[in-house]
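Since the structure comes first, as structure tokens, the remarks are kept for the end.
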Amino acid sequence: MKLDTKLIVSSSPHIFEGEDVSYAMRQVIYALIPTTLAGIYFFGTHSLLVIIVSIVSAVAWEAISLLIRRKSLSALSDFSAVVTGLLLALTLPPKVPLWIPIVGTAVAIILVKQIFGGLGNNFLNPALVGRAFLLISYPVIMTSWVNPIRTIGNELTSTATSLASTATPIVSTATPLAIDKLKISGYNLPSYFHLCIGDIPGCIGETSVLLLLLGGLWLIYKKVIDWKIPFSFILTVFVISILFGKDPLFQILAGGIFLGAFFMATDWVTTPLTSKGRIIFGIGAGFLTMMIRIFGAYPEGVSYGILVMNALTPLIDRSFKPRKFGEVKK
Amino acid sequence: MKFSTFKGGVHPPEKKDLSKDIPISKIPLPERLIIPIQQHTGAPAEPLVKPKSYVYKGQKIGDKQAFVTSPIHAPTSGTVKRIGLYPHSSGELVTAIEIEVDGKEELYPDLPEKVSWENLSPDEIRQRIREAGIVGLGGAAFPTHVKITPPSEKKIDTIILNGAECEPYLTIDYRLMLEKPELIIQGLKILMYVVGAKKGIIGIEENKKEAANLLRNYTDRDIEIALLYTKYPQGSEKHLIKALLNREVPSGGLPLDVGVIVNNVGTACAIAEHFNTGLPLISRGVTVSGEGVNSPKNLDVLIGTPVSKLIETAGGFREEPGKIIFGGPMMGVAIYNLETPIIKGTSGVVVFRKKDVKYYEPMTCVRCGRCVDVCPMGIIPTAIASYVEKEKIVEAEELGALDCIECGSCNYTCPSRRPLLQWIRMGKAEILAKKRK
């Protein structure tokens with residue numbers, strides 16, 4: 001045995017769990033694939049273009065920001081920009097012009113994420129701020145909805161317009177929440193079945209509750225996200241709906257609750273560190289969402305509900321610490 | 001079936017199959033032994049011998065007039081070659097006594113006589129344990145006679161023996177439980193007698209059921225064998241007490257504050273062995289394992305044996321070694337010198353091949369909260385580490401840095417690969433240094 005063998009010395013522990021940030025981000029992408037495919041299926045190839053442009057531009061903005069900040073481009077391999085690009089695209093109406101995702105990702109990546117120091121240092125969810133910016137700046141584009149070009153099962157009796165016909169695939173319409181809130185005449189609300197399947201008007205990736213739930217459960221199974229946030233979020237929406245005499249099932253199935261609860265409100269960086277904090281976060285986001293839906297100007301409030309809770313996260317972290325082992329009561 | 005456990009913790013790959021079915025074997029007498037004067041928590045011993053003096057097997061060669069200390073002994077007969085600085089598993093150079101082994105194994109003529117421990121008073125037993133140089137063999141090497149001398153106002157009702165062995169790779173405690181069950185039970189009875197405890201519990205992770213089943217054959221009414229859920233760090237004494245008795249050692253306190261003393265099964269075995277043979281603690285069981293050695297082994301090793309001898313006995317390096325760890329991979333210390341001696345606290349030697357050694361560039365914290373979820377002490381590792389990083393020591397202390405038991409679960413699980421434990425350790429050292437001023 002050579003006694004002068006060079007050995008590596010480092011501080012314990014000497015083994016590590018295999019799952020790093022890049023692994024988690026890839027799991028999020030996998031979990032979003034079903035709903036993404038459904039969105040493309042229901043809303044056509046233009047939505048595919050929106051998704052591609054959004055992802056490519058998000059990665060490009062990230063790369064440019066890293067170059068300007070003189071950071072290594074290896075940070076791209078954490079896949080977080082891909083996730084931001086994909087998530088932003090899924091919250092856009094299907095027929096937006098292609099410059100919309102480019103502007104949205106610029107706000108998300110440059111303004112929200114990189115200016116604060118990159119992944120881990122942003123205090124708001126980049127994709128949601130991107131969407132909020134677009135909604136305020138281009139309200140008409142961001143609220144122009146179309147009916148799906150394909151439906152599942154028998155003809156879609158839920159909406160008045162005949163949309164299953166292939167002749168006129170693009171018909172402007174309203175989302176179920178808008179129909180419900182603004183009492184728009186001439187429209188019927190879709191059935192629970194269609195709300196679950198997702199062949200209804202809405203953002204590209206928010207309509208198929210079933211596939212979003214599938215992706216969300218996958219992330220919980222893979223231990224990427226904590227079940228506490230989506231659970232408390234959705235439960236709060238349900239309970240508040242009952243309290244205000246709304247149809248609770250409709251309130252959780254319509255709109256962006258599932259996309260928001262499973263994929264936005266579970267963003268590691270912008271949500272609380274502790275179990276208790278996460279439950280508070282979910283309740284808060286659900287509460288704010290319903291307040292906006294019931295009393296606000298917009299029919300939908302998921303994005304703003306989560307963003308406000310993002311901003312409150314440092315406060316939640318400060319106020320809800322885990323119980324220390326052996327803590328002596330004073 | 002539900003097994004008792006605690007909140008938090010991680011599940012690293014166990015890797016016990018490499019060595020768990022291999023009986024403990026002796027290793028050939030090495031040509032030289034290096035006996036550091038510091039092998040325990042407390043004051044270092046002072047050498048009682050000089051270069052060129054002849055030492056017998058079992059002869060005391062170092063001691064100190066202090067309460068928290070432990071004497072050291074010559075593990076075999078030979079001549080003192082040199083007293084000087086030698087590599088030590090702490091990473092520092094530590095004064096040690098090098099013995100040139102003569103191979104005659106001449107017993108020290110003045111060894112204490114073998115007496116039945118039942119005929120001794122608790123204080124006489126404590127004295128014998130002290131003189132035998134017995135310390136905790138689980139890793140921290142705290143002098144056992146100190147541990148079993150609680151202040152008189154603290155009533156001890158339970159002795160727990162730690163057979164959890166939650167570190168990956170290590171199987172020596174498991175082998176001891178299989179091969180020397182009657183000694184472990186005897187050691188437990190001695191400990192219970194000394195502190196007047198009514199109850200003894202041996203806590204064993206459920207992945208070592210065979211050991212638990214075997215030990216049950218030797219128990220009586222006062223002794224319970226309890227299975228624990230297999231999870232790291234189940235072997236932490238605070239979490240062992242929590243799992244077995246649902247008592248919580250208060251922050252900053254000791255197990256004796258909740259009426260418990262915890263000892264490793266190896267320590268109990270060493271105590272019983274001492275009363276059976278009269279010999280002091282001159283050898284211990286060591287698991288030599290890891291992907292980096294050809295044939296992993298459980299070995300009975302003389303204190304002071306250079307680690308190279310153990311690796312030789314385990315078939316040598318399989319390929320280019322990367323890291324050699326004294327202890328397990330979660331809490332063990334990476335050593336840099338193949339002449340580093342096995343000391344009383346060395347429970348295992350784990351060898352990683354060069355290609356098994358992971359190094360990561362740390363990233364920014366992504367606030368996933370996993371370190372918080374796994375921390376068995378309920379503190380927020382990422383926040384403490386960040387404060388230490390920014391040299392905000394007061395804030396780090398307020399968040400409970402001193403409660404950290406350095407199990408490394410946070411560091412193991414961190415997806416941003418942040419060296420959380422290293423930061424917290426630095427913070428603890430600074431907080432303690434400030435307190436001493």
Pick from segment B:371-389, criterion within 25 Å of the chain's Cα centre (by Cα) and in contact (Cβ under 8 Å) with a residue 60 or more places away in the chain, ranking: surrounded by the fewest Cβ atoms within 10 Å (Cβ to Cβ): B:Gly378
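Is segment B:15-37 home to any residue that is under 24 Å from B:Arg128 (Cα atoms), without any contact (Cβ under 8 Å) to a residue 60 or more places away in the chain and out of contact with any Ser or Thr (no Cβ under 7 Å at 6 or more places or on another chain)?
No; the residues of segment B:15-37 include none that is under 24 Å from B:Arg128 (Cα atoms), without any contact (Cβ under 8 Å) to a residue 60 or more places away in the chain and out of contact with any Ser or Thr (no Cβ under 7 Å at 6 or more places or on another chain).
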Criterion violated by B:Thr364 - all others in (1) of a type in the set (Val, Ile, Thr); (2) at pLDDT below 95; (3) in a strand (DSSP E or B) satisfied: (3)
Residue match in segment B:382-405 (condition: touching a Cys at 6+ places or on another chain (Cβ under 9 Å) and either farther than 27 Å from A:Asp78 by Cβ or basic (Lys, Arg) (or both)): yes
Residues being farther than 22 Å from B:Ser416 by Cα and in contact with a Gly (Cβ under 8 Å, 6 or more places away or on another chain) - total across segment A:52-85: 4
A:Thr84 vs. criteria within 22 Å of A:Pro139 (Cα to Cα), surrounded by 22 or more Cβ atoms within 10 Å (Cβ to Cβ) and within 14 Å of chain B (Cβ to nearest Cβ): yes
Unmet requirement for B:Ile303, which otherwise passes all of (1) within 14 Å of another protein chain (Cβ to nearest Cβ); (2) in contact with a His (Cβ under 9 Å, 6 or more places away or on another chain): (1)
Selection within segment B:183-204 - touching a Lys or Arg at 6+ places or on another chain (Cβ under 8 Å) and either crowded, with 24+ Cβ neighbours inside 10 Å or part of a helix (DSSP H, G or I) (or both): B:Met192, B:Val194
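Does segment B:348-365 include one or more residues that are without any contact (Cβ under 8 Å) to a residue 12 or more places away in the chain, within 30 Å of B:Thr267 (Cα to Cα) and outside the structural domain of B:Gly266 (by TED's automatic domain parsing)? First the steps, then the outcome.
Step one: of segment B:348-365, the residues without any contact (Cβ under 8 Å) to a residue 12 or more places away in the chain are B:358-359.
Restricting the remaining residues to those that are within 30 Å of B:Thr267 (Cα to Cα) gives none.
Within segment B:348-365 (the criterion being without any contact (Cβ under 8 Å) to a residue 12 or more places away in the chain, within 30 Å of B:Thr267 (Cα to Cα) and outside the structural domain of B:Gly266 (by TED's automatic domain parsing)), the answer is no, since none of the residues qualifies.
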Segment B:246-263: number of residues that are surrounded by fewer than 19 Cβ atoms within 10 Å (Cβ to Cβ) and either more than 23 Å from B:Ala401 (Cα to Cα) or away from every other protein chain (no Cβ under 14 Å) (or both): 2
Condition met for B:Lys309 (farther than 30 Å from B:Lys238 by Cβ, in a helix (DSSP H, G or I) and more than 10 Å from chain A (Cβ to nearest Cβ)): no
The listed residue being more than 18 Å from the chain's Cα centre (by Cα) and in a helix (DSSP H, G or I), out of A:Ala127, A:Ala60: A:Ala60
Residue among B:Pro150, B:Pro143, B:Pro109 that alone is within 22 Å of B:Thr277 (Cα to Cα), in contact (Cβ under 8 Å) with a residue 60 or more places away in the chain and of a type outside the set (A, V, I, L, M, F, W, C): B:Pro143
Subset of segment A:1-56 (residues that are small (Gly, Ala, Ser) and part of a loop (DSSP other than H, G, I, E, B)): A:Ser10, A:Ser11, A:Ser12, A:Gly18, A:Gly44
Residue satisfying all of: in segment B:116-139; closer than 29 Å to B:Ser4 by Cα and more than 14 Å from chain A (Cβ to nearest Cβ); surrounded by the most Cβ atoms within 10 Å (Cβ to Cβ) among these: B:Val135
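Identify all residues within segment B:312-332 that are in contact (Cβ under 8 Å) with a residue 60 or more places away in the chain and more than 7 Å from every other protein chain (Cβ to nearest Cβ); write none if there are none.
B:Thr313, B:Phe326, B:Gly327, B:Gly328
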Some residue of segment A:66-75 being closer than 28 Å to A:Ala38 by Cβ and either within 14 Å of chain B (Cβ to nearest Cβ) or at pLDDT 95 or above (or both): no
Residues of segment B:391-417 satisfying the condition of being hydroxyl-bearing (Ser, Thr, Tyr) and either more than 9 Å from every other protein chain (Cβ to nearest Cβ) or touching a strand residue (DSSP E or B) at 6+ places or on another chain (Cβ under 9 Å) (or both): B:Ser409, B:Tyr412, B:Thr413
Residue in segment B:66-84 that is of a type outside the set (Lys, Arg), within 14 Å of another protein chain (Cβ to nearest Cβ) and over 30 Å from B:Met377 (Cβ atoms) present: no
Filter pass, A:Ile136 being free of Cβ contacts under 8 Å to residues at least 40 places away in the same chain and among the hydrophobic types (A, V, I, L, M, F, W, C): yes
Segment B:152-182, subset farther than 18 Å from B:Asp21 by Cβ and part of a strand (DSSP E or B), residue farthest from the chain's Cα centre (by Cα): B:Thr158
Segment B:156-182 - residue that is of a type outside the set (A, V, I, L, M, F, W, C) and over 27 Å from B:Glu131 (Cβ atoms) and, of those, surrounded by the fewest Cβ atoms within 10 Å (Cβ to Cβ): B:Asp157
Among the residues listed as B:Asp102, B:Asp110, B:Asp21, the single one being within 27 Å of B:Ser289 (Cα to Cα), acidic (Asp, Glu) and away from chain A (no Cβ under 14 Å): B:Asp21
Segment B:73-90: number of residues that are touching a residue at least 60 places away in the same chain (Cβ under 8 Å), more than 24 Å from B:Tyr336 (Cβ to Cβ) and surrounded by fewer than 21 Cβ atoms within 10 Å (Cβ to Cβ): 0
Residues being of a type in the set (Lys, Arg) and more than 21 Å from the chain's Cα centre (by Cα) - total across segment B:1-46: 3
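The values are calculated or read from the model by the stated rules, or taken from the named source; none is laboratory data. Given the structure is predicted, the values throughout are model-derived calculations rather than measurements. Note that each Cβ is placed from the backbone with ideal geometry, even for glycine, and that neighbours are counted across all protein chains shown.
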